[in-house]
Amino acid sequence: MAEWNELTIGQQQEVERQWAILREGASEIVPEEALKKKITDSVAEGRPLKIKFGMDPSAPDSHVGHTVPLQKLRQFQECGHRVQLVIGDFTGRIGDPTGKSETRKQLSEEDVNRNAETYRKQIYKILDPVLTELYFNSSWLAPLTFADVVGLAAKTTVARMLERDDFQKRYTGGQAIHIHEFFYPLMQGYDSVALHTDVELGGTDQTFNLLMGRALQKEYGMPSQVAMTMPLLEGLDGVNKMSKSLGNYIGIDEEPREIFGKAMSITDELMLKFFRLATDISLEELEGLTAGLREERIHPRDAKMSLAYTLVRMYHGVEAAEEAKRHFITVFQKRALPEDIPDALLQRSELGDNGAIRVVRLLMALGLSPSNGEARRSIQGGAVRLNEVKVEDLLAEVAPVDGDVIQVGKRSFARIRLI
């Protein structure tokens with residue numbers, strides 16, 4: 001192992017540079033001094049560190065919240081290190097019990113493989129495939145004999161497993177904990193043994209599993225990995241963790257205009273956190289932006305515009321980001337209609353003898369609302385406009401003509417075509 005005074009001035013500067021970048025935004029590094037030592041040895045020996053991240057392929061559509069650890073992995077790659085991306089095709093058949101109050105349904109092999117393939121397509125929007133080693137943990141877990149599994153289980157205790165908050169709550173609450181659930185953290189930890197991992201990344205809800213990797217590596221006579229956890233990112237509501245089930249998410253595969261518009265709705269208080277955790281801007285740019293906002297040299301609206309542009313650029317490219325920005329400025333800042341409003345067909349048979357139709361029914365007929373209730377809520381919320389005039393009466397009838405433009409919310413437009 002290299003000592004600090006054995007490094008050249010240039011090597012010391014490189015260690016400090018990497019240390020500043022890699023620790024930025026992390027919730028916890030266990031132990032912190034070990035990470036700096038691993039970086040020091042890496043620089044001295046010209047040997048890249050092996051940085052592991054495990055993905056449980058149970059939910060294939062990624063949103064920006066999922067990308068927080070991936071952005072940190074990208075920073076490791078930019079510092080010259082290699083990423084060990086582990087698709088948990090074997091552990092995914094059990095399902096991580098983290099945060100669950102009951103046993104999770106086991107995924108079929110077909111489900112796991114289908115979801116894993118989707119992840120493979122999405123992660124390379126962020127990671128460099130040349131510096132990414134992709135593994136499926138079935139390659140080392142499936143061949144284990146029953147004797148191997150017993151030996152693995154002997155390296156920890158039930159008391160240690162019950163230190164996990166979710167297991168503890170279920171145990172004290174009299175809820176079932178199946179034996180196979182104890183094997184999830186053991187198998188995830190064994191992944192680090194199989195790959196001789198130097199650093200493992202995960203969310204703060206994965207701390208127990210990451211520390212299990214450290215413990216097992218020690219039991220198997222190898223250097224223990226550093227466990228690095230990243231914060232969970234709040235969603236567009238500014239309160240709850242970003243989640244598709246809560247509808248407060250930005251999907252990385254969503255249309256550019258949708259990403260841009262959603263990003264512009266992020267609260268001012270969360271804006272810098274999004275920049276720090278979910279974008280590829282440099283540490284220097286982040287520090288300049290933070291200072292500019294604090295000193296009121298940069299308006300929060302302009303910073304948010306930059307955030308929206310950056311997110312679209314990352315997932316759809318510069319051209320799409322430019323177009324999404326132009327569209328947002330045209331529609332929302334200048335309050336003008338967009339140029340490329342999609343047509344929506346309306347059967348003349350939907351109209352009454354007087355050529356009119358209630359707006360609630362019109363929204364459903366045009367496919368702009370999935371139900372009467374949702375249409376009513378849109379009208380009550382002031383989100384519906386016909387030819388730029390707000391519709392506020394739930395019982396309102398209108399007599400649409402060919403070419404009329406109807407708007408629902410900030411981003412949904414349709415040009416009525418009567419057939």
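The values are calculated or read from the model by the stated rules, or taken from the named source; none is laboratory data. The structure presented is a predicted model; accordingly, all values stated were derived computationally and were not measured. Backbone-built Cβ (ideal geometry, glycine too); neighbour counts: all protein chains shown. Remember, those area values only see protein heavy atoms, side chains included, never the ligands or the DNA or RNA. Shrake-Rupley method; radii C 1.70, N 1.55, O 1.52, S 1.80 Å.
Here are a few things to note about the model shown:
- Rolling a 1.4 Å probe across the protein heavy atoms gives the range 272-373 an accessible surface of 55 Å² per residue.
- Summing charges over all other residues whose Cβ lies under 14 Å from the Cβ of ARG47, with Lys and Arg as +1 and Asp and Glu as -1, gives 0.
- Label-point separation in nm, ILE281 to GLU374, each point 7 Å along Cα→Cβ: 3.4
- Calculated FRET efficiency for the pair MET264/GLU219, C-beta based, R₀ 60 Å, to 0.05: 0.75
- For the peptides 71-81, 362-372, 343-353, the ranking by packing is 71-81, 362-372, 343-353, with the highest mean count of neighbouring Cβ atoms within 10 Å listed first.
- Of all accessible heavy-atom area on the chain, the percent that carbon and sulfur account for (1.4 Å): 50
- Cα pair distances exceeding 12 angstrom across the range 163-211, given as percent: 68
- Relative intensity of the range 161-269 on a log10 scale, I(q)/I(0) at q = 0.13 Å⁻¹, equals -0.71, per a Debye sum over C-alpha point scatterers of equal strength in the absence of solvent.
- Principal-axis tilt of helix 300-316 within the chain, Cα atoms, nearest 10 degrees: 70
- Sum of -39500 (n - 2.57) over DSSP H runs of 4+, divided by residues of the chain (222 nm, nearest 500): -13000 deg cm²/dmol
- Over the range 265-419, volume per residue of the alpha carbon convex hull, in Å³: 137
- The order of the peptides 319-332, 217-230 by mean Cβ neighbours within 10 Å, most packed first, is 217-230, 319-332.
- With respect to the chain, whose longest principal axis is taken over its alpha-carbon atoms, helix 32-45 is tilted by about 80°.
- Cα centroid separation, the range 140-188 to the range 253-273: 40 Å.
- Additional length obtainable on full extension of the chain from ASP165 to ILE298, 0.36 nm per residue less Cα span: 43.6 nm
- The slack in the chain from TRP19 to GLU339, taken as 0.36 nm per residue of separation less the alpha-carbon distance, amounts to 110.4 nm.
- In degrees, nearest ten, helix 68-78 long axis to first principal axis of the chain (Cα): 60
- Note on ARG120 and THR172: the model spin-label points, each 7 Å out from Cα along the C-beta direction, lie 4.4 nm apart.
- Applying 1/(1 + (r/R0)^6) with r as the Cβ-Cβ distance of ASN113 and ASN354 and R0 = 60 angstrom yields a FRET efficiency of 0.55.
- Full-stretch length increase - VAL239, THR290 - with 0.36 nm per residue and alpha-carbon distance subtracted: 16.2 nm
- Fraction of antiparallel bridges per DSSP, the chain only, in percent to nearest 5: 40
- For the chain, with +1 on Lys and Arg beta carbons and -1 on Asp and Glu, the positive-most of ILE87, TYR171, TYR190 along the dipole: TYR171
- 22 Å Cα-Cα reach of LYS37 towards lysines, excluding residues that sit fewer than 8 places from it in its own chain: LYS50, LYS52, LYS72, LYS218
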